[in-house]
Amino acid sequence: MKFSASDSSCVSSCIRHITKGLLNLLITKVCLFSLLFGVVWAITGHECLPGGNLFGIVVLFICSVLGGKLVGMIQLPTLPPFPPLLGMLLAGLLLRNVPYVTDAVYIDTHWSAALRNIALSIILTRAGLGLDPTREGFGVEKGIPTLLLAAGSFDAILAITGFSTCLGVAFSTGSTWMNILKGLLEVVGGVVAGLILGLFLCCVPGNDQEDLVLKRTLMLLGLSIFSVFFSRVIGFAGAGSLSTLVLAFLAALGWKTDKAPVAAMVGRSWDVFQPLLFGLIGAEITIKTLSPSTVGLGLACIGIGLVIRLLVTFLLVHFGGFNLKEKLFISVAWLPKATVQAAIGSKALDLAREEGDETLINFGLTVLTLAVLAILTTAPIGALGIGLAGPRLLARQVKDDAEGGATTAAMGLVEEKTA
């Protein structure tokens, strides 16, 4: 095939047009980034330069996202992918422990605590809204995905509420009975506040308003974040967690089927705060200060807890109408722990820093270390266990061709249990 002069001219023109378009796009993005940086620098000054809080948060976020993507790309033969949250946590760990880098990527403890509390609010909101377990796939016929997702949400609610209440009692002063009474008041006050705010969300904004999903999402997240922070200000930290759960649950009941787009938008906000949460948790750990005995005893404690968890889970579902393989899978699916540990693992450290007591700060660091160890061990083990055990232990149910073919609910459980 021969090309004429006109054809060559046309090709050259197309190349110049594409090159010019790409160059123009590159220049536009560079200019926009420079303008954004210039405006932020003019407003905040040194905060957006190396060593400033804004610089540290942006670098941590970018590195955590990249770390999550890199770990998520690791694909071994016949094995499911590793949870991206491991890469996010390791990114924060590296930024904190690499010489010179740790000085440039600085984040004030108050900023770090605030961002982690916002992430906690989003986690509680998602738990309150509930997860949609309507899939087809392995174990659906007996409702195993529904059972695991519902039980997982309840487990997160119980863990966060119980931990927050006990933490409030541990840091309280005065008689034991007064501390117990305060814990009960936190539970009652949180439920009552959640009921009031949840009923309010059922009515406001009205169904006739424009941008209803956006307004509902903003109201829901705004009230959730306010509840968590306001409860800390008045000294009833546990009440905020319960209030957030109850108000999100009631709002979802009131919205009924209309809750799905709100839950999706809340999920997108979690996509932003998940890298921050795990990156910030990793950045709290300084490897050179870790005690070998703390790490060893912590791993032993986690191991014993996992064995007990396996046995108890197997016994609890023994009379649920499941066969042996299904009981084994449910027990394995109960292993991974990540999001809740990241959300509440540093709360003791935050309270200890507010008290300014070095002994309490060391105890808080020990709790945080155990939380990080739990994430690093149970998340990959649980994800691999679910991914490998699902196809082998559960019966498969296939969708009709018109609905898009077969899907695997067990794979979905990996994402939900470790995300």
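The values are calculated or read from the model by the stated rules, or taken from the named source; none is laboratory data. Only a predicted model underlies this, so the values are computations on that prediction, with no experimental measurement involved. Virtual Cβ from ideal backbone geometry, glycine too; neighbours counted across all protein chains shown. In case anyone asks, the SASA skips ligands and DNA or RNA and just uses the protein heavy atoms, side chains included. Shrake-Rupley method; radii C 1.70, N 1.55, O 1.52, S 1.80 Å.
Structure notes:
- Protection proxy ranking of 106-112, 286-292 - average other beta-carbon atoms within 10 Å, highest first: 106-112, 286-292
- For region 230-292, the square roots of the Cα gyration tensor eigenvalues, ordered a ≥ b ≥ c, give a/c of at least 1.5 with a/b no greater than b/c, which places it in the oblate category.
- Summarising the label geometry, the points placed 7 Å from Cα in the beta-carbon direction at residue 354 and residue 185 lie 1.6 nm from one another.
- Cα gyration tensor, region 243-400 - rounded (a/c under 1.5), prolate or oblate: oblate
- Take the Cβ atoms of residue 362 and residue 34, set R0 to 51 Å, and the FRET efficiency comes out at 0.70.
- Region 273-281 - phi-based ³J(HN,Hα) in whole Hz, Karplus 6.51/-1.76/1.60, Gly and Pro as x: 8, 4, x, 5, 4, 6, x, 5, 5
- Using a simple spin-label model with pseudo-atoms 7 Å out from Cα toward Cβ, residue 58 and residue 154 lie 4.7 nm apart.
- Carbon and sulfur %, accessible surface of region 180-292 computed with the full protein complex present, 1.4 Å: 74 percent
- Pairs from 259/327; 259/337; 69/256 whose Cα-Cα separation, in the structure shown, is over 29 Å: 259/327; 69/256
- With every protein chain in place and a 1.4 angstrom probe, the accessible-area ranking of 88, 219, largest first, reads 219, 88.
- Counting charges near residue 95 (Lys, Arg +1; Asp, Glu -1) among other residues having Cβ under 13 Å from its Cβ returns a value of -1.
- Length gained on full extension, residue 304 to residue 211: 28.5 nm, using 0.36 nm per residue less the C-alpha separation.
- Site pair residue 315 and residue 43 shows an inter-label distance of 5.7 nm when each label is modelled 7 Å from Cα along Cα→Cβ.
- Charge tally for residue 236 (other residues, Cβ to Cβ under 11 Å; Lys, Arg +1; Asp, Glu -1): +1.
- For region 214-326: rounded, prolate or oblate by the Cα gyration tensor [a/c cutoff 1.5]: oblate
- A cut-off under 13 angstrom between Cβ atoms defines the neighbours of residue 54, and their net charge, with Lys, Arg +1 and Asp, Glu -1, is -2.
- Peptides 170-177, 300-307 ranked from most to least packed by the mean count of surrounding Cβ atoms within 10 Å: 300-307, 170-177.
- Rolling a 1.4 Å probe over the heavy atoms of the protein chains gives region 163-251 an accessible area of 52 Å² per residue.
- Only Cα pairs under 8 Å and 6+ residues apart enter the sum, and on that basis the relative contact order of region 196-298 stands at 29 percent.
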